[in-house]
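I have placed the structure first, in the form of structure tokens, so that the comments after it can refer back to it.
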Amino acid sequence: MILQALTEYYENLAEQGEVSREGWCRAKVSWAVNLSGDGKILGIISLKREEERGKKKIAVPASLTVPEMVTRSSGVSANFLCDNSKYLLGIDAQGTNRRILDCFQAAKEKHLRLLEGVEGEMARALRLYFESWDPQKAADCAEIRENWDDVTDGGNLIFCQGTDYAQDDPAIRKAWEREKNGAAGGPEGICLVTGKREEIARIHRGIKGVPGAQSSGAALVSFNAPAFESYGKEQSYNAPVGKYAEFAYTTALNDLLSHREYTFQLGDTTVVFWAGSAERVYQRTFSLSAAPGRDNQEELKGIFENLKCHRPIRVEGVELNPEQKFYILGLAPNAARLSVRFFHQNSFGNILENLARHYRRMEMIKPAWEDREYLGIREMLFETVNQKSREKSPISSMAAMVLQAILQGSRYPASLYTDTLIRIRAEQGTVTWGRAGIVKAFLIRNYGWEKGENYMGINEDSKEVAYVLGRLFSVLESIQKDANPTINATIRDRYFNSACTTPVSVFPILIRLKNSHMKKLEREKASAKPYYEGLLGKLMENLTAFPARLSLEEQGQFILGYYHQTQKKYEKREEK
């Protein structure tokens, strides 16, 4: 299903002219070797351009269409017209050796064979270059010597004459396509993707752009040991995919990963997404919906409002089709291969609806300084990790399961809730609005807490014992703070975890402490005492006894009560 969806996506991109056709591919190219008409090196031209990455500007290679590149795992195998310095120049950072000379010889033989009889100045210059170039004398060439560190840094090189690239020469392109069309000869079979009988791909090309995977490319389909093979079939013949489908799905996936704006990270999982029609506006809308920033909250609000009222959704002047097929794929690095964390397919309207329901469950009263209405999925998951640690990524498997649950509208994984509770306890009761939102969303979706919709802000009519206890704990903390304004550590730092799990062991102690604080308030802030006494009286009316233990569900209610009462206190301060 994944390969079929990617193949369909490739065909739509190809119709729009956005990806290379079969026999060609996109590659990152750092340098161009400028040749004279007689095959001499005139200079090395940088093809890198500056790009902003965060707060820094870095030089990135150009993305060019070049002849289809080979898949290399070991051994010597040369590409045509685009390769690294070992193949095209016969050198690396240390110079040359027997292995590197073999690489150059392979490139030389391939270029001379393919360019034999090809007319044109570019083809002639390339033939003369490979016939005359001696890698062992590369240091004698001033142009190579001056750019030695650059051209041997592992990046790809191409050939050119001034501003004309070799791969763009019509005669050379024709020779390459003739070579590709006549290169068949492998075993045939029924392709699992297209259902047609054709030559089966023995090795699938690498997928580049997944952080943590090999920079040279990692395989999505591969077999590297006899234990994974069957019926005497080796390598990718175990999963028969035709050469056309292999080219199509790898080209499509590499194109998706090359557009950083259409991907995002969840732990070690790279999430890519696309519409079956290959219209980019669906990708941009999903990116906005799943990972909203501070500057597009109103735009997202408008999308959800139109969705709720069954009005047409327009983005960038385009009316979105709610029935459009949309695909979301999660990939994780696994040595020289890629692991599929999840694959989700649904109509775009259903995906948006499930996201909107998730955000409604997450609705929570916020501090005055918080200007976001929607907390993106990545930001939500960051609430489960220690913000002071060096590694701030959430647990990868949990992050992938959370995204799946949101997209499918299913129950959240239990680890999202427990990790949030663990983080709150580890930080002695630090309940942010994001953590409170997670607790509320989990209670509604997983515990069927029907009353949860009434708990976006404080619910003063609630008689839920755990919720009332959370409010009571916040009030007791406020009394302590008002009685001792310069105090560094409050009852939250010492008693929050116990109060949240075993109230009977803590609240009697806190009530006795409260009495001494109230006496101090009576002496120094007489007006505060009646206010707190009235508030405590209302809360205690709903309690007949302190429970011995609170369940996980009740611990979440306690946390919400504490958060809401604390925010209520800050609201009153702002009003004053």
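The mean accessible area for residues of the chain, using a 1.4 Å probe and ignoring ligands and nucleic acids, is 48 Å² per residue.
If you take all other residues with their beta carbon under 14 Å from the beta carbon of LEU338, and give Lys and Arg +1 and Asp and Glu -1, the sum is +3. In loop segments of segment 291-348 as defined by DSSP, the GluC sites (Glu not before Pro) with at most 11 further C-beta atoms inside 10 Å of their C-beta are GLU316, GLU323.
Here segment 5-76 is described by how far its Cα atoms reach on the three principal axes: 45, 40, 31 Å, from widest to narrowest.
When mean projected area of the Cα convex hull in nm² is calculated for this entry, the matching label among (i) 45.7; (ii) 34.3; (iii) 26.1 is (ii). Across segment 367-452, C-alpha contacts under 8 Å between residues 6 or more apart give a mean separation that, scaled by the residue count, equals a relative contact order of 27 percent.
Averaging the Cα positions of each part gives two centres, and for segment 492-553 and segment 201-242 these lie 63 Å apart.
Extension gain for ARG49 to GLU379 (0.36 nm times residue separation, less C-alpha to C-alpha distance): 115.7 nm. Among the GluC sites (Glu not before Pro) found in segment 212-259, those both in a DSSP coil and sparsely packed, with 13 or fewer other Cβ atoms within 10 Å of their Cβ, are GLU234. Residues within the reach of a label modelled at LEU128 (point 7 angstrom out along Cα to beta-carbon, backbone nitrogen below 17 Å), restricted to segment 25-59, are 33-43.
Dividing the mean sequence gap of close Cα pairs (under 8 Å, 6+ apart) by how many residues segment 292-371 holds gives a relative contact order of 22 percent. Model label points for VAL318 and ASP102, set 7 angstrom from Cα along the Cα-to-Cβ axis, are 4.9 nm apart. Axis of helix 121-132 versus longest Cα principal axis of the chain: the two differ by about 80°, to the nearest ten degrees. Calculated [222 nm] ellipticity per residue, helices only, for the chain: -14000 deg cm²/dmol; basis is -39500 (n - 2.57) per DSSP H run with n ≥ 4, divided by all residues, nearest 500.
VAL315 sits among other residues whose Cβ lies under 12 Å from its own Cβ, and their net charge, with Lys and Arg +1 and Asp and Glu -1, is -1. Segment 34-112 and segment 281-295 have Cα centres spaced 37 Å apart.
Axis angle, to the nearest 10 degrees, between helix 170-181 and the longest C-alpha principal axis of the chain: 80 degrees. The calculated FRET efficiency for ALA336 paired with VAL281, based on their beta-carbon distance and R0 = 60 Å, is about 0.95. Relative contact order of the chain, taken over Cα pairs closer than 8 Å and 6 or more residues apart, is 10 percent. Among the listed pairs LYS57/LYS180; LYS440/LYS569; LYS440/LYS525; LYS28/LYS55, those with a Cα-Cα distance over 31 Å are LYS57/LYS180; LYS440/LYS525. Accessible surface of segment 189-301, 1.4 Å probe: 50 percent of it comes from carbon and sulfur atoms. Determine which residues of segment 215-258 fall in the zone a paramagnetic label at GLU179 would reach in this model, i.e. backbone nitrogen under 16 Å from the point 7 Å along Cα→Cβ. So the set is empty, nothing qualifies. Between ARG357 and SER215, the simple spin-label model (points 7 angstrom out along Cα→Cβ) gives 4.4 nm.
For segment 36-145, trypsin sites (Lys or Arg not before Pro) meeting the loop criterion (DSSP other than H, G, I, E, B) and having at most 12 other Cβ atoms within 10 Å: LYS55.
With the simple model of a label 7 Å out from the Cα in the direction of the Cβ, SER527 to SER230 spans 8.0 nm. Taking a straight line from the alpha carbon of LYS519, these lysines sit under 17 Å away, with near neighbours fewer than eight places off in the same chain left out: LYS481, LYS529. If you take every residue apart from ASP83 with its C-beta less than 11 Å away from the C-beta of ASP83, what net charge results, scoring Lys and Arg +1 and Asp and Glu -1? So the surrounding residues net to +3. Straight-distance candidates among the lysines for linking to LYS301, with alpha-carbon spacing under 18 Å and chain neighbours fewer than 8 residues away dropped: LYS366.
The values are calculated or read from the model by the stated rules, or taken from the named source; none is laboratory data. Not measured: the values here are computed from a predicted model. Every residue, glycine among them, receives a Cβ derived from its backbone with ideal geometry; neighbour counts consider all protein chains shown. For the accessible areas, the whole protein counts, side chains as well, though only heavy atoms, and no ligand, DNA or RNA atoms are used. Shrake-Rupley method; radii C 1.70, N 1.55, O 1.52, S 1.80 Å.
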